[in-house]
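Submitted below is the structure of interest, expressed as structure tokens.
The values are calculated or read from the model by the stated rules, or taken from the named source; none is laboratory data. Predicted, not measured: the structure shown is a model, and the values here were computed from it. With ideal geometry, Cβ positions are generated from the backbone for all residues, glycine too; neighbour counts draw on all protein chains shown.
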């Protein structure tokens, strides 16, 4: 296990990193460590996952060559404040990938709430999972997958990978950048400037503000103009006659 001192303003303390060869899921591994009493601030990475998953239980193709990483945090903030954390995580992933992208390449943007798009195709996914532990602590796991060498086929949203854009970087190198950017963004999110600064950073890199979008909810679809996000990270959808609607969770499609 490697122990790093954290970068940037970091009220959460230093992070540890344990790289694994193969694991069912880095998120599941973090939760197992939490249940066993791990104090948190632990990164787990894996070369390959045999049971990777995305939002709403979707499978996440996890062959070797891409980045699979999860960060375990214990009691990072009061539960109501956690709603804005996905925004900070998305900015951290954006900042890490931007370090390896060519300056004149395709647009690198964030699709609400926390998907990374390159040329409006999905290149990364983020899954946050939480659990109240038996000892009263709250475990939060931030799972991140970045398509580096290959991309899945037949996905609901078009996918891409860094190699499609001429970027050839190892998962280990990209993780080093992610480690740095995540520490910085967690410090910002949990520090003096707080959520407003995170929302500002997210909005500056967002995809589709001012455009017509469709948001798929579990029971229906809503269309309208994407007016940005609220201070708590909810999507603001202008439906016209229906007025401005706040949406806390859903799948966004453009056009």
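In the list 126, 213, which residue meets the criterion of being surrounded by 14 or more Cβ atoms within 10 Å (Cβ to Cβ) and closer than 24 Å to residue 71 by Cα? Steps first, please.
On the way: 213 fails: closer than 24 Å to residue 71 by Cα.
Unique residue meeting the criteria: 126.
Sticking with this structure for a sec: Looking at 86, 158, 152 in this structure, which one is farther than 16 Å from residue 175 by Cα, in contact with a strand residue (DSSP E or B) (Cβ under 8 Å, 6 or more places away or on another chain) and modelled with pLDDT under 90?
Working: 86 fails: modelled with pLDDT under 90; 158 fails: modelled with pLDDT under 90.
None of the others qualify; the one that does is 152.
Per-residue answers, yes or no, for (1) surrounded by fewer than 15 Cβ atoms within 10 Å (Cβ to Cβ); (2) free of Cβ contacts under 8 Å to residues at least 40 places away in the same chain; (3) out of contact with any strand residue (DSSP E or B) (no Cβ under 9 Å at 6 or more places or on another chain); (4) within 19 Å of residue 119 (Cα to Cα):
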{"residue": "162", "(1), (2), (3), (4)": "no, no, no, yes"}
{"residue": "174", "(1), (2), (3), (4)": "no, no, no, no"}
{"residue": "177", "(1), (2), (3), (4)": "no, no, yes, no"}
{"residue": "185", "(1), (2), (3), (4)": "no, no, yes, no"}
{"residue": "220", "(1), (2), (3), (4)": "yes, yes, yes, no"}
{"residue": "224", "(1), (2), (3), (4)": "no, yes, no, no"}
{"residue": "233", "(1), (2), (3), (4)": "no, no, yes, no"}
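Next question. Quick test of your reading of the structure: residue 62 fulfils all but one of (1) at pLDDT below 95; (2) within 15 Å of the chain's Cα centre (by Cα); (3) surrounded by 21 or more Cβ atoms within 10 Å (Cβ to Cβ). Name the failing condition by number.
Going through the list (1) at pLDDT below 95; (2) within 15 Å of the chain's Cα centre (by Cα); (3) surrounded by 21 or more Cβ atoms within 10 Å (Cβ to Cβ), residue 62 breaks only (2).
Taking the conditions exactly as written (surrounded by 14 or more Cβ atoms within 10 Å (Cβ to Cβ) and either outside the structural domain of residue 85 (by TED's automatic domain parsing) or modelled with pLDDT of 95 or more (or both)), does residue 199 satisfy them or not? Don't jump to the end; show me each part of the working.
On the way: surrounded by 14 or more Cβ atoms within 10 Å (Cβ to Cβ): yes; either outside the structural domain of residue 85 (by TED's automatic domain parsing) or modelled with pLDDT of 95 or more (or both): no.
Criteria not met by residue 199.
Would you check which residues across region 108-122 are touching a residue at least 60 places away in the same chain (Cβ under 8 Å) and surrounded by fewer than 19 Cβ atoms within 10 Å (Cβ to Cβ) and list them?
Of region 108-122, the ones touching a residue at least 60 places away in the same chain (Cβ under 8 Å) are 108-113, 117, 120.
Matches in region 108-122: 108, 109, 120.
Let me ask something else about it. Select from region 1-42 the residues that are assigned to a loop (DSSP other than H, G, I, E, B) and at pLDDT 95 or above and list them in ascending order.
Within region 1-42, the first condition is being assigned to a loop (DSSP other than H, G, I, E, B), and the residues that meet it are 1, 5-14, 24-25, 36-41.
Selection gives 36, 37, 38, 39, 40, 41.
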